[in-house]
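Read through the structure below, which is laid out as C-alpha cells, and then see the notes.
The values are calculated or read from the model by the stated rules, or taken from the named source; none is laboratory data. Since this is a predicted model, take the numbers as computed values, not measurements. Here the Cβ positions follow ideal geometry from the backbone for every residue, glycine too, while neighbour counts run over all protein chains shown.
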Amino acid sequence: MNSTSVELLVKGPRRPSGRVVGRRGRRVGRHEGRPERSSQVSGRPRWADGRREREDPMGRERHGPPPGEVHVRVVREPSDADELQRCVALLTDGERERRRHLVPSQRALYAAAHAALRTTTAAFSGRPVGQVAFRRGASGKPYVAGDPGLRVSLSHTDGLALIAVSRDGPVGVDVERLVRPVDPRGLRRQVLSDQEAALWPAERDGPLCEGLLTHWTCKEAVLKALGTGLAGDPTAVRVTPGARRSGPVRLHHAPGPPRRWRLHLLDVGPGYRAAVAVAGGGDVVRLLP
C-alpha cells in the first residue's frame, strides 16, 4: 500500500520501525522547489503493545503516534460469524441500535469499523476499551472524551473502512469505491469551483472519471478535518490534480485561518480511492492492517 503527498501553507480567505515504501514528494509553499521524502510506513507501532510512547511536560504518560505521523488503519468486513460477534460485543447500545436500522449488507462492516475505532482509540489513549467514549463538538465532529489532543476520523464505503489518528492536529480521512456509479457532470457541479471545473470539460468525463473521484476524495478529507464534512462548501476547498491520476494533489485553499496542511493520497487496494488530510503535521503516514 503506497501513498503520495504534498504539503502547503494554505492561506485563509484572501490573505519507528517498519518498511518505508513511499516515494519522494515535492514540498511547495515556503520551501518552493525543495524536494522532501514523503513516506508511508507499514508495520506494528509501539503503541499497539500498550507501551508508553512519551511523556508530556507534566510527567503524565502520553500514547499515540510520534509528532509528524498520522496512522491510518484499514478495516475490512469480518471473515466469519465469530469475528463479527466479537465486533458487535464492543459496540455501545446506541451503535447497536443504529446498526439494526442499516440495510443487512452494511451491518457487518459497520460493526467492524466501529469496533476497530474503539480498540484503536484505546491503544492510542492508553486506556481500556471499555473506558473509551466519544463526544461531539459544536460542529458535530467527534472527539475522544478525556483526550482532546487525540484526533480521529472514520470513513467507510462498500467493503472497506479507514480510521485515521493523529496528535499533530485536526485529521480527516475519506475512501470511495470506484465501482460505485458516479455522475461526473453532477459531481462537477456540486464540488468544483469555476477554476477547477475548467480542468474537467464534459468530453473528458468518461476516461477521467477516476481522476475526478480522487479529486473529490481529497476535498472531503479536508472538509472532515475542518469538522464540517459534507455540510461544508466543497467549492471553498481548491485542489489541483497532478499530471498522473495517482500523483500528488496540491491544496491551494481551505476555509479558516492559515494552516500548514499535509494531504496524502492512499493506496488501499484496487478499486478504491482514498486520501487523508492533516492540519499542522502528518508528514508520515503509517498504514496499519
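Per-structure values
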read-out: Flag if Gly140 is buried (at least 21 other Cβ atoms within 10 Å of the Cβ), of a type outside the set (S, T, N, Q) and not in a helix (DSSP H, G or I); value: no
read-out: Condition met for Gly130 (modelled with pLDDT under 95, part of a helix (DSSP H, G or I), of a type outside the set (Val, Ile, Thr) and surrounded by fewer than 21 Cβ atoms within 10 Å (Cβ to Cβ)); value: yes
read-out: Pairs, first closer than 13 Å to His156 by Cβ in segment 93-107, second among the small types (Gly, Ala, Ser) and assigned to a helix (DSSP H, G or I), C-beta under 9 Å, six or more apart; value: Arg99/Ala111
read-out: Residue under evaluation Leu230, criteria (1) surrounded by 14 or more Cβ atoms within 10 Å (Cβ to Cβ); (2) within 16 Å of Val276 (Cα to Cα); (3) modelled with pLDDT under 85; (4) in contact with a Leu (Cβ under 8 Å, 6 or more places away or on another chain), criterion not met; value: (1)
read-out: Unmet criterion (only one of (1) touching a helix residue (DSSP H, G or I) at 6+ places or on another chain (Cβ under 6 Å); (2) of a type in the set (A, V, I, L, M); (3) loosely packed, with under 14 Cβ neighbours inside 10 Å) for Ala81; value: (1)
